[in-house]
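Read through the structure below, which is laid out as C-alpha cells, and then see the notes.
The values are calculated or read from the model by the stated rules, or taken from the named source; none is laboratory data. None of the values given here were measured: they were computed from a predicted structure. When we count neighbours, we look across all protein chains shown, and the Cβ atoms used for this are built from the backbone with ideal geometry, even at glycine. Ligands, DNA and RNA are stripped out before the accessible areas are found, and what is left, the full protein with its side chains, is counted by its heavy atoms. Shrake-Rupley method; radii C 1.70, N 1.55, O 1.52, S 1.80 Å.
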Amino acid sequence: MSDEARSARDLSHLWLGAAVAGILSGAALYAADQPDAANVAWAITTGIGVIPMAKDVIGGLIRREPGVDLIALIAMVSALLLGEYLAGAVIALMLASGEALEAYADRRAHKELSSLLARAPRTVTRYEDGDLATRPIEEVVPGDLLLVKTGEVVPVDGLMAGDGVLDESALTGESRPVERPHGDLVRSGAVNAGAAFDMRATASAEDSTYAGIVRLVRSAQEEKAPAVRLADRYATIFIPVTLVIAGGAWALTGDPIRFLSVVMVATPCPLILAVPIAIVAGISRSAKRGIIVKGGGALETLARGSVLLFDKTGTLTSGIPQVADVETFGAIQAERLLHLAASLDQVSPHVLAGAIVRAARDRDLELIFPDGVSEKHGAGIEGSVGDHRVALGKASFATGGGPLPSRARDVRRRTMLDGSSCVFVAVDGEVAGALVIDDPIRPDTPRVIRSLRRAGIRRVVMVTGDHPDVAESVGGALGVDRILSERAPDEKVEAVEIERGEGGVIIMVGDGLNDAPALAAADVGVAMGARGATASSEAADVVLVVDRLDRLTDAITIAKRSRRIAVQSVVMGMGLAFGFMFFGAFGIIGPIGGAIVQEFIDVASILNALRALGGGRGGAKPHPATDVAERFRAEHLEFRPELQRIRSVADRLGTMSLEETRAELEAVRWFIVERLPQHEEEEESAVYPIVANLMGGEDPMASMARAHIEIDHLARVYRSLMDELPPDGPDPEDIMDLRRVLYGLHAILRLHFAQEEEAYAWLVSDEEPVAVP
C-alpha cells in the first residue's frame with residue numbers, strides 16, 4: 001500500500017471515530033436533559049465533517065472540476081444554519097462511514113495487485129568464494145550463482161544449475177508444480193516447491209521477468225479511471241437538478257427544512273463510490289487471472305473493443321520454433337546431421353538456434369563445443385565441430401554461393417508452401433541436409449477466436465510481416481476476417497489507423513519489439529507475456545503475463561462485466577436518490593431520515609460494485625484428466641517428425657536409391673501400421689469418453705472416431721501396396737498409388753491431430769468445453 005493510500009485510510013478511520021464519538025456524546029447529553037450541550041456536540045461533529053469536505057470542494061472549483069461532494073457540503077452547512085445539528089451530525093457520520101466503507105472496498109479490490117507486489121523478493125542467497133552470502137537483490141549481475149531455498153521466490157531470470165520443482169502459478173496460471181531439469185530456463189516470480197537448487201543468473205533484477213510485472217502492476221495501481229473523472233463531470237447535471245428540486249420545494253412550501261431534506265438524500269452521489277470500486281475490482285480480478293491492466297481507462301476501453309488485430313508469430317502461433325524434420329541429402333544420417341548443427345548453434349543467439357539445440361537435447365545428443373566460430377547476421381554461422389567444418393543458415397550461405405542440389409531445392413520449395421523455415425547444413429563444404437523448423441499454430445487459437453466473437457468482437461484481422469502465402473495459409477485455417485501480410489512495423493501502425501477509420505474500438509495484440517508501435521497506436525494494446533521490460537509490454541495497455549491466448553477472452557469478459565456493474569451501480573444509486581428526493585420535497589421524510597436513506601443507497605451501490613470481484617471464471621483448476629490429455633498431446637508432438645516423413649517420402653519417391661526408398665517406406669509402414677493404431681486405441685479408451693462427457697450432446701466425438709476409421713483404411717491400403725511391391729522397387733504406377741495414399745494420410749492426420757489437440761485444450765484449461773466442429 002502506498003503512503004498516500006495509507007494516509008487516506010488513517011484519515012477516514014479518524015473521521016469515522018470522531019463522528020461516532022460526537023453522535024454518542026450528544027445522545028448522552030440529550031438523555032441527561034441537556035439539549036443545548038447536545039446540540040453543541042452535534043454541531044462540532046458537523047463542523048469536523050465540513051472542514052475536509054470544504055477543502056476538497058474548493059479545490060475542485062478552483063480546477064473547474066465541481067464534484068458531487070458540493071451537495072454534501074451544502075447539506076452540512078445548511079444543517080448548521082438551520083439549527084438542524086443532529087441532522088448535520090448524522091450526515092457527517094454517514095459520510096465518514098461511507099469513506100471507511102469505500103476504503104475497505106478499495107483494499108479488497110486491490111488485494112490481488114497488492115499481493116503481486118508484496119511477494120517480490122528483496123534479497124538473494126549468492127555463492128561468494130565457495131560460501132553463501134545474503135545480498136540485496138539489486139546486487140545480482142548476470143553470471144552469479146544463486147541458491148534458491150524451499151519456498152522462496154526465484155529472484156531473477158536464469159538457468160537451472162540443478163534439477164528443481166517450481167510452482168509457476170503466478171506466471172502461468174497453472175497450479176500444478178513443474179519439474180525443471182538442469183539447463184532449463186527459469187523466470188523470476190516462480191516459487192521453489194521442492195528441494196533447494198542452484199541457478200545461474202542470466203539477467204539483473206531490474207531486467208528480469210518479475211520486475212517487469214511489478215512495474216506494470218504499480219502503473220496499474222497509480223492510474224485513475226476516466227470513468228471516475230466522468231463521474232465528476234456528471235456533477236454538472238446532478239448538482240443543478242438537485243438544487244432545482246430542493247429550491248422548488250422550499251419556494252413552494254416556504255419551509256427551508258424541505259430544502260435540507262432533499263440535499264440530505266442527494267449526499268453523496270453513488271457515482272463517486274461505485275464507479276472506481278467496480279473498475280479497480282475488475283483490474284484486481286484480471287490480475288488474479290494473470291492479466292495486468294494498466295488502469296481503469298484501459299479496462300473501460302477494452303470493454304468497448306469491437307475490432308481485434310492479431311500479430312501472427314508468438315500470438316496466434318506458439319512463438320517457439322520447433323525442429324519439425326531433418327532432411328539429409330547424402331551419406332550423413334539425420335541424427336548425426338542434427339548433432340553437428342546443434343553443436344555449432346550452441347554459441348549462436350539466433351532464435352532458430354535455440355530450436356535446433358533444444359531438438360538435439362530432446363534426443364539426448366551429447367553436443368561438442370565448437371571452435372573457430374564466425375556468424376554473419378541474417379545469413380548463417382560456421383565453425384569447426386570436432387573434425388568437421390560445419391556451416392548452417394540460408395541456402396546461399398551454406399553453398400558458398402553455389403547451386404543447391406535438386407533435393408535441397410525441393411525441400412526449400414515445400415517449406416515455402418507450408419509456411420515453415422528451412423536451415424541448410426553444409427559439412428566439409430558439401431550441403432548435407434536441411435532442418436525444417438516450424439512455428440505451429442497454438443492448439444487453442446481457433447477456439448479462442450470463436451470465443452472472442454461471442455464476447456463481442458465483430459472483426460478479426462491478422463497483420464503480419466510474413467509472406468502472403470504463409471499468411472493466407474494461417475489466416476485461412478483460423479477463419480479471420482482479413483489478412484494483412486508483409487507489414488513492417490510502421491505499416492502495422494497504418495493498418496491500425498485504417499481499421500479505426502472503418503469504425504470500432506481497436507484492440508491490437510502482439511508480442512515482439514516490432515509490434516510495439518502498433519500496440520501504442522491502438523485504442524488498447526495487448527502484449528503477450530511480460531518478459532522483463534520489453535518494448536511491447538511497456539507500450540501495451542494490457543499485458544497477458546500468462547502465455548495463454550484464452551486469457552485475452554478473460555480480459556475482455558472481465559472488462560465488460562466490470563463496466564456493466566459500474567453502470568448498474570450508478571443507475572441504481574442515482575435512480576433511488578432522485579426518487580427519495582421527492583419524498584423529502586413533499587415532507588414524507590425529514591433531514592435525518594434523508595441522511596439515513598442516502599447511506600443505505602450508498603451501501604447498496606458499493607456492494608453491487610464489489611460484485612466485479614467475483615463471478616466469471618475462477619482460478620485455474622486442473623481437471624482430473626489433465627495428465628491424460630497432456631500425455632496424448634506430448635505423443636502428438638512426438639509424431640510430428642513422422643508426419644513430416646510421410647510428406648517427405650511422397651515428395652521424394654522416384655528420386656531416391658532403391659535402398660533408401662525401401663528404408664523410408666518401411667519406416668512409414670512401422671508408424672502407420674504399428675505405432676499409430678496403438679495411440680488411437682489408447683486415445684479412444686482413455687480420453688474420448690472424458691471429453692465426450694464434458695462436451696455433452698449426442699456423440700460429440702463422432703467426427704474424430706470417423707477419422708480413425710479413415711486412417712485405418714488408408715493404412716490397410718498402404719500395407720497392401722507395400723506387400724505387392726516388386727523386388728526391384730516401385731514402378732511408376734506403384735509410385736503414383738503410394739503418393740496418393742501418403743498425401744491422403746498426411747492431410748487427414750494433420751487435420752485429425754489439430755481437432756484432437758483443440759479438444760484436449762479444454763481439459764488443460766479451466767473453461768467449459770464445447771463440441772469441436
Rounded accessible area of Trp670 (nearest 10 Å², 1.4 Å probe): 130
Once Asp728 and Arg358 are pulled to full extension, the length gained, defined as 0.36 nm per residue separation minus their Cα-Cα distance, is 129.2 nm
Accessible area per residue, 1.4 Å probe, Å², for the range 375-496: what's the number? 44
Separation between the Arg409 and Lys394 pseudo-spin-labels, each 7 Å from Cα along Cα→Cβ, expressed in nm? 1.9
What FRET efficiency comes out for Gln34 versus His13 if R0 is 30 angstrom and r is the Cβ-Cβ distance? Round to the nearest 0.05. 0.55
Using amide H atoms built in the peptide plane, which far-off residues or other-chain residues are under 5 Å from Asp466 H to H? Glu486, Arg487
Carbon/sulfur accessible area of the range 12-69, % of total, 1.4 Å probe, equals 67
Over the range 548-598, give the accessible area per residue in Å² for a 1.4 Å probe, as an integer. 37
Grab the beta carbon distance between Arg740 and Glu684, set R0 = 22 Å, and tell me the FRET efficiency rounded to 0.05. 0.25
I need the Kirkwood Rh of the range 372-529: take the reciprocal of the average 1/r across all distinct C-alpha pairs and report it in angstrom. 18.2
Largest-first ordering by accessible area, 1.4 Å probe, given options Tyr743, Tyr210: Tyr743, Tyr210
Expressed in nanometres to one decimal, the distance between label points 7 Å along Cα→Cβ at Ala604 and Asp184 is 5.4
Nitroxide proxy distance, nm - points 7 Å out along Cα→Cβ at His713 and Ala747: 1.3
In the full protein assembly as shown, how much of Val323 is accessible to a 1.4 Å probe, in Å² to the nearest 10? 20
Note the full-extension length gain between Glu335 and Ala667 as 0.36 nm times their separation in residues minus their Cα-Cα distance, in nm to one decimal. 118.0 nm
Projecting the Cα atoms of Ala341, Leu367, Ala355 onto the charge dipole of the range 336-387, where Lys and Arg contribute +1 and Asp and Glu -1 at Cβ, the residue farthest towards the positive end is Ala355
Net charge near Tyr127: determine it from the other residues with C-beta under 14 Å of the C-beta of Tyr127, scoring Lys and Arg +1 and Asp and Glu -1. -2
Need one value: the accessible area of Thr557 in square angstrom, 1.4 angstrom probe, rounded to the nearest 10. 60
Ranking Arg336, Arg63 from most to least accessible area with a 1.4 Å probe gives Arg63, Arg336
Take the solvent-accessible surface of the protein heavy atoms, probe 1.4 Å, and return the percent of it on the range 335-429 that carbon and sulfur atoms account for. 50
I want the local charge near Val460. Using Cβ-Cβ distances under 11 Å, sum +1 for each Lys or Arg and -1 for each Asp or Glu among the other residues. +3
Provide the FRET efficiency to the nearest 0.05 for the Ala195-Glu366 pair, computing r from the beta carbons and using R0 = 30 Å. 0.65
